[in-house]
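The values are calculated or read from the model by the stated rules, or taken from the named source; none is laboratory data. Quick caveat, the model's predicted, so the values are computed rather than measured. Neighbour counts run over all protein chains shown; Cβ positions are idealised from the backbone, glycine included.
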Amino acid sequence: MREAGLRVGVDEFGNLIGSRPSELGSALLAGSHLDTVPQGGMFDGALGVVAAIECARVLHEGGRSLRHPFVAIAFAEEEGYTFGSGTLSSRSLLGEMPRDQFSELVDRSGRTYDEYLRARAHGLPQAHVPAQVRAYIELHAEQGPHLERMAKQVASVDQIVGSQRTVVTFEGRAAHAGTTPMDRRADALLGGAEFVLAVNEIATASNGRGVGTVGELHAYPGARNVIPGKTALSVEFRSQDDTWLTSARERADGAAGKIAGRRKLGVRVTPWTGSLVQPMDSGLQQAILAAMRLAGHDAVTLSSWAGHDAGILARYVPSGMIFVPSTGGISHAPEEHTPWPAVEAGTHVLLETILRLDATDGTGGTLPLAYAAR
Ligand code: HGY
Ligand code: MN
Ligand code: MN
């Protein structure tokens, strides 16, 4: 970031910020997230961060100044793997994760989010994201098969998928795996296994309107010779249709209750959380499509089935996304890859979009920053 002419700092939520001042009030933000999932690939998130820095470098080395301040940002905890809460750093930044809950979010080692943030010793100056923002643009891998199948290198995003998430816990009775007859068991893992299939059935029956996943399933106490007394499952549904999400959630609640009743298990469903389908700013979509045409690409628009920080910022300031293909549609896996020509094409379109937005005076928006230290 420094070589690209940016002043570097980290904010209190761990977001890495590279700033380039200018005379106008509202800033142009570009970036993505630096964290990933276990055994993830090297494009999800990181590509958008590096592309934003590359745009700053090209402007810096070309001696090209912008009317708007430019900020390259790397959000810290978008995947939500550490504390089980996605887009955590951007939601903390915007006050959507209340500070009084920081000590309730606990990582696998038992350390709270609060302790984690206090312990950060990056040795970099404190920085803040500016409140007045002209636009936020995120370049990201599509993470699906469409662009590759269409043989296109770049697309504008029209909306980001809605989601509903919860944790379902079945409770039975831990007992000896050898001495307990089959008809005297309250095996919580059987309830969990049946529920995994119920989630899959709800989503499969939607004929593409929605998807459903149980990504984590823990059996307790988790020993070869103990009948699980408890199982906890992560459940998530996603859809471009908010109505379907509500019905999927209701059907999952019903299935959990039925399975527990039939198997004489206890069941708890933690309050569902999630977000509505989030449209991208139409003005930004037009700017991205114009930049694509200028760079010689067909105007292609896709919806995102992945969540992004752009989906959070879009609630407050004009936000847009640029997609590049994922080879084989694979992501959240070590094989994740985007062909280099598409990386270049996406970064070029990002730069063209930044220049286009810089030349015009849009309304922009104000981020409700939740910084403590001013
Ligand atoms: O889960 C997602 O869609 C994103 O990768 N965090
Ligand atoms: Mn991801
Ligand atoms: Mn991502």
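Restrict the check to the stretch 94-103 and report whether at least one residue is within 16 Å of ligand 3 (Cβ to nearest atom), small (Gly, Ala, Ser) and touching a helix residue (DSSP H, G or I) at 6+ places or on another chain (Cβ under 8 Å).
no
Condition first: in contact (Cβ under 8 Å) with a residue 40 or more places away in the chain, of a type in the set (Lys, Arg) and either touching a strand residue (DSSP E or B) at 6+ places or on another chain (Cβ under 8 Å) or buried (at least 20 other Cβ atoms within 10 Å of the Cβ) (or both). Now tell me which residues in the stretch 207-247 satisfy that.
Residues satisfying the conditions are Lys230, Arg238.
Which residue pairs have Cβ atoms closer than 9 Å, lie 6 or more positions apart in sequence or on different chains, and pair a first residue in the stretch 39-67 that is without any contact (Cβ under 8 Å) to a residue 40 or more places away in the chain with a second residue that is within 13 Å of ligand 2 (Cβ to nearest atom) and part of a loop (DSSP other than H, G, I, E, B)?
Once the first residue is without any contact (Cβ under 8 Å) to a residue 40 or more places away in the chain and sits in the stretch 39-67, its partners that are within 13 Å of ligand 2 (Cβ to nearest atom) and part of a loop (DSSP other than H, G, I, E, B) give Ala46/Leu34; Ala46/Thr36; Val49/Leu34.
I want to confirm something. Restricting to the stretch 15-58 and keeping residues that are in contact with a helix residue (DSSP H, G or I) (Cβ under 6 Å, 6 or more places away or on another chain) and of a type in the set (Gly, Ala, Ser), which single residue is farthest from ligand 2 (Cβ to nearest atom)?
By that ranking, first place goes to Ala30.
Out of curiosity, is Asp44 closer than 15 Å to Ala127 by Cβ, surrounded by 18 or more Cβ atoms within 10 Å (Cβ to Cβ) and charged (D, E, K, R)?
It is false that Asp44 is closer than 15 Å to Ala127 by Cβ, surrounded by 18 or more Cβ atoms within 10 Å (Cβ to Cβ) and charged (D, E, K, R).
For the stretch 29-62, what are the residues that are under 17 Å from Val8 (Cβ atoms), within 16 Å of ligand 3 (Cβ to nearest atom) and β-branched (Val, Ile, Thr)?
Within the stretch 29-62, Val49, Val50 meet the criteria.
Kindly indicate whether any position in the stretch 98-106 is in contact (Cβ under 8 Å) with a residue 40 or more places away in the chain and touching a Phe, Trp or Tyr at 6+ places or on another chain (Cβ under 7 Å).
Checking the stretch 98-106: not a single residue is in contact (Cβ under 8 Å) with a residue 40 or more places away in the chain and touching a Phe, Trp or Tyr at 6+ places or on another chain (Cβ under 7 Å).
So, in the stretch 111-144, exactly how many residues are closer than 30 Å to Asp298 by Cβ and either within 16 Å of ligand 2 (Cβ to nearest atom) or of a type in the set (Asp, Glu) (or both)?
Total satisfying the criteria: 7.
Would you check which residues across the stretch 160-173 are surrounded by fewer than 19 Cβ atoms within 10 Å (Cβ to Cβ) and either in a loop (DSSP other than H, G, I, E, B) or assigned by TED's automatic domain parsing to the domain that holds Ser326 (or both) and list them?
none
Residue under question is Gly110, and the condition is that it be under 13 Å from the mean Cα position of the chain (by Cα), surrounded by fewer than 18 Cβ atoms within 10 Å (Cβ to Cβ) and of a type outside the set (S, T, N, Q); does it hold?
No.
If Gly25 meets every condition in (1) crowded, with 22+ Cβ neighbours inside 10 Å; (2) in a loop (DSSP other than H, G, I, E, B); (3) not β-branched (Val, Ile, Thr) apart from one, which number is that one?
(1)
To keep it simple, each residue is scored yes or no on (1) within 30 Å of Thr360 (Cβ to Cβ); (2) in contact with a strand residue (DSSP E or B) (Cβ under 7 Å, 6 or more places away or on another chain); (3) part of a loop (DSSP other than H, G, I, E, B).
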residue	(1), (2), (3)
His68	yes, yes, yes
Ile73	yes, yes, no
Ala121	no, no, yes
Lys152	yes, no, yes
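For residues that are within 16 Å of ligand 1 (Cβ to nearest atom) and part of a helix (DSSP H, G or I), tally how many sit in the stretch 263-312.
4
Please work out which residue is nearest to Ser163 (Cα to Cα), limiting yourself to the stretch 85-97 and to residues that are touching a residue at least 60 places away in the same chain (Cβ under 8 Å) and in a loop (DSSP other than H, G, I, E, B).
Gly86
So, of the residues in the stretch 62-89 that are within 13 Å of Gly307 (Cβ to Cβ) and small (Gly, Ala, Ser), which turns out to be farthest from ligand 2 (Cβ to nearest atom)?
Ser85
Has the stretch 307-323 got any residue that is in the same structural domain as Glu194 (by TED's automatic domain parsing), basic (Lys, Arg), surrounded by fewer than 22 Cβ atoms within 10 Å (Cβ to Cβ) and more than 16 Å from ligand 2 (Cβ to nearest atom)?
The answer is no, given that none of the residues of the stretch 307-323 is in the same structural domain as Glu194 (by TED's automatic domain parsing), basic (Lys, Arg), surrounded by fewer than 22 Cβ atoms within 10 Å (Cβ to Cβ) and more than 16 Å from ligand 2 (Cβ to nearest atom).
Out of the stretch 83-93, which residues are over 19 Å from Ser331 (Cα atoms) and within 16 Å of ligand 3 (Cβ to nearest atom)?
Result: Ser85, Leu88, Ser89, Ser90, Arg91.
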